[in-house]
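Here is the structure we will look at, set down as structure tokens.
What follows draws every value from the coordinates through simple rules; no lab data is involved. This is a predicted model, so every value here is computed, not measured. Counting neighbours? That spans all protein chains shown, and the Cβs are built from the backbone with ideal geometry, glycine included.
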Protein chains: 2
Amino acid sequence: MNIYINPSKEKWAELTSRPNISSNEIVPLVNNILNKVKANGDDAVKELTLKFDGAIPSSLKVSDAEINDALLYLDNKLQQAMHFAASNIERFHSLQLPQVIRTETTPGVECWQKAVPINTVGLYIPGGTAPLFSTVLMLAIPARIAQCKNVILCTPPDKNGNINKAILYAAKLCGITEIYKIGGAQAIAAMAYGTVTIPKVDKIFGPGNQYVTTAKQLVSAQGIAIDMPAGPSEVMVIADETTPAEFAAADLLSQAEHGEDSQVILLSNKRGKIDDIIEETKQQLAQLPRKELAKKSLDNSLAIVFENEKSLVQFMNLYAPEHLILLSKNAEDIATQVTQAGSVFIGNYTPESAGDYASGTNHTLPTNGFASAYSGVNMDSFMKKITFQQISAKGLQELGPVIETMAEAELLQAHKNAVSVRLKAINS
Amino acid sequence: MNIYINPSKEKWAELTSRPNISSNEIVPLVNNILNKVKANGDDAVKELTLKFDGAIPSSLKVSDAEINDALLYLDNKLQQAMHFAASNIERFHSLQLPQVIRTETTPGVECWQKAVPINTVGLYIPGGTAPLFSTVLMLAIPARIAQCKNVILCTPPDKNGNINKAILYAAKLCGITEIYKIGGAQAIAAMAYGTVTIPKVDKIFGPGNQYVTTAKQLVSAQGIAIDMPAGPSEVMVIADETTPAEFAAADLLSQAEHGEDSQVILLSNKRGKIDDIIEETKQQLAQLPRKELAKKSLDNSLAIVFENEKSLVQFMNLYAPEHLILLSKNAEDIATQVTQAGSVFIGNYTPESAGDYASGTNHTLPTNGFASAYSGVNMDSFMKKITFQQISAKGLQELGPVIETMAEAELLQAHKNAVSVRLKAINS
């Protein structure tokens, strides 16, 4: 870790800046994939799947038999754990379901706002070394609570054309039965444009590698909604003299094992505690299967000592971390001062992995500083809010002259006239 | 208007498609402006303002004296109308302020979600022929209710370097005092990157011409949040045998006067009523100052007769209109079936212009079919929702094994370990 002591505010911009993950080189490659799928649909998808995943599934769509197989053979303890987590995620997200908001703004002028589910959503779940079934729960459960009509899931097949059983189990648990064996930019393209097999969706969710996230960004510029912009995962841990070094080290490492571009930041008011935590990190690192990956990420990470809590909190909010773990005695107080973060973990017994899996909060969160303007995935992500207004004759008599005056001042005569013809009819 | 009678469903995709507003040619021009401002800040802004607006304001920032001048000299009736509208907008948006949502998902596992204002927002208000002071109210009032710390406004100066008084008045009414005389893509660049004079913002709101909307799209791909993707304005009017043709015609024209690319759609179950409305439209059109513009838009517009209400409602939702005006006897019932639209106007005395100015709903709405996945501007637009979790020792004893099982199945050993070290400490 790179240690900074009381960095001056001039230095903060540099310390909060994220690594430049310029993906410009891959834009033409991804554009090429998007265009192929747009032009040749399923044929292009199959060709690209063979090329990138080394498999030609006999059918792009996962069969009922494959899903039932997952139900039968997935380890029982894992099944139970998933049910436990799903129940917490469901409880927390159900409470977020927006209510109709209604008021009479002027007598006779009724206005309301109603949240309506997005019709068709597409969830992308990466394949690769780790089967991210937890992300299935995080995306599919709120989609089901929102009552989205169609929820489809794309995930790449392995070399034998199969999908990981835990992913199939999680999907089934959340009521998703439309699962496609497609990965990469070709999956994003298929969901964005639609093919004979894969329906065009209204919004695309989910994490992925650079090809996937670039594809999401490109289709987003074409008007397909996406959950949020992407970037490497991050954790900020705040420690003081009371923090058990063992806990802080474990939390730093749980972020570091995600990949070499993971951002790991440790803030403290005590230089000594930072040394203890770094030392403990080294010891725990040695035991990890992913230690090579985690070590690279740690080498790039930052530990910063602040002379007072006020500066520390200012820096914390300026950084806008995806995950913020508060392990100091003032954790609860600091939590009330958080203005920019994805998700906050308060106190010594609240590791980030609780939120990654099972506390009930969502783990799809804004990273790369996007927490300054973006929320993590929540019920709003699966709905759109429509406004309604209904005006009585009496209401228009009251409100009409106001509209006429304003429309005229904006030189929009027809806007004014839409009121005038009605007022004339009412008054005649 | 182009009339279609009972179009087959195969034809619907074509009828709901929007004109292709490919702005690809202007992307390099806009990129050039963005890069200039990024590199040369205020100097570039001033140079571009002279070039595009024909003015060099002595100061980019509007002075207190200019604002006070607007307060003194703006027409009194317009002032009162703005206050009336502002009060309705404030009432409807205040009710949308999200509450903290809190629950104990598992004993000892407390989760909550809190909405926090976005720190710094930038509002863009176009200049040009019509001073869109109503958009100032629509963006600045929710920003103030959200308690965004910094709200800045950019709008282009006229050839004398001045800003329209109604815009200044509306800004002051909403508590905005940081107003800059900058328009076009250079204003979007200044707010996206910041200059010595203009602060970098977290999110950019507001309508604009192709340069402005292209600039917003380009900075959005660079990670600056924007309100929503842009497209030409639209209205869909639904009429039956009871609809006063005069009202429907006035509503169609109030959309058509926005510009030649405005989308105007009339749906009905009665061919005769469509003929009446078209006839009435011609008569009202002759009286309008913007009749040339409105006529071009009407020439491209659609009138469609459906044989039953079910098909009509299906088409309505598939089109996902920005503005939906229900002028039929079943208006209230149809309103309950709306699943895709920006804002809905119910009944004969509810013209679109009511929502454009003063009913209380927001007039910044998703167009171009984006209503399938996007909401209009509302309180959520000015806030981000942060999640929190706090777990007790007892809570972690309950939840910990679930997390360990799931983390292990995802091959994320360090995630598991962050729980294991804590459980070990609790149990020792």
Once you mark the GluC sites (Glu not before Pro) that are in a DSSP loop and have at most 10 other Cβ atoms within 10 Å, what is the longest gap between them in chain B? B:26-306
Expressed in µm² per second, the diffusion coefficient of the stretch B:232-375 from the Stokes-Einstein equation, with Rh the Kirkwood radius over alpha carbon pairs, at 25 °C and 0.890 mPa s, is 165
Take the Cα atoms of chain B, find their three principal axes, and give me the spread along each one in whole Å, biggest first. 87, 61, 44
Identify the trypsin sites (Lys or Arg not before Pro) of the stretch B:185-231 meeting these criteria: DSSP loop state and at most 16 other C-beta atoms within 10 Å of the C-beta. B:LYS200
Students often get this wrong, so check it: of A:LYS36/A:LYS181; A:LYS11/B:LYS38; B:LYS77/B:LYS149; B:LYS11/B:LYS310, which have C-alpha atoms separated by over 26 Å? B:LYS77/B:LYS149
List the aspartates and glutamates whose Cα sits under 13 Å from the Cα of B:LYS273, skipping any in the same chain fewer than 8 residues away. B:ASP240, B:GLU241, B:GLU246
Please work out the Cα center distance from the stretch B:29-51 to the stretch A:2-77, rounded to the nearest Å. 36
Using a 7 Å Cα-to-Cβ projection, A:GLU10 label spacings across copies, nm, ascending: 7.2
Neighbouring partner chain Cβ atoms per residue of B:109-118, average, 10 Å criterion: 6
GNM top mover of B:ILE163, B:ILE277, B:ILE386 - chain B, alpha-carbon springs below 10 Å: B:ILE386
Position A:ARG102, label points 7 Å along Cα→Cβ, spacing to each other copy in nm (shortest first, one decimal): 2.9
Using only the Cα atoms of the stretch A:104-178, each taken as one equal point scatterer with no solvent, compute I(q) by the Debye sum, divide by I(0), and report log10 of the ratio at q = 0.12, 0.15, 0.22, 0.23 Å⁻¹. -0.42, -0.55, -0.93, -0.99
quick shape note, the stretch B:296-428: Cα extents on principal axes in Å, largest first -> 78, 34, 30
How far is B:GLN222 from itself in the other copies, in nm, if each label sits 7 Å out from Cα along the Cα-Cβ line, shortest first? 2.4
Taking a quarter of the surface of the convex hull around the Cα atoms of the stretch A:1-135, what do you get in nm²? 18.8
Quotient of Cα Rg and 2.2 N^0.38 Å for the stretch A:288-340, N being how many residues it contains: 1.38
Estimated [θ] at 222 nm from DSSP helical runs (n ≥ 4, -39500 (n - 2.57)) normalised by residues in the protein assembly as shown, nearest 500: -15000 deg cm²/dmol
TM-like helix rule applied to chain B (DSSP H, alpha carbon span at least 18 Å on the long axis, mean Kyte-Doolittle at least 1.0) gives B:133-146
How large is the direction-averaged shadow of the alpha-carbon convex hull of the protein assembly as shown, in nm²? 34.8
Cα centroid separation, the stretch B:319-360 to the stretch A:132-207 (Å): 34
With a bin width of 10 angstrom, please list the P(r) values of the stretch B:23-227 as percents of all Cα-Cα pairs, from the 0 bin to the one holding the largest distance. 9, 33, 33, 16, 6, 3, 0
What is the spread of the Cα atoms of the stretch A:69-112 along each of their three principal axes, largest first, in whole Å? 63, 19, 5
Could you work out the equivalent-ellipsoid semi-axes for the stretch A:230-295, taking the square root of 5 times each eigenvalue of the Cα gyration tensor, largest first, in whole Å? 20, 14, 8
Could you work out the Rg to Rh ratio of the stretch A:166-211, with Rh taken as the Kirkwood radius (inverse of the mean 1/r over all Cα pairs)? 0.97
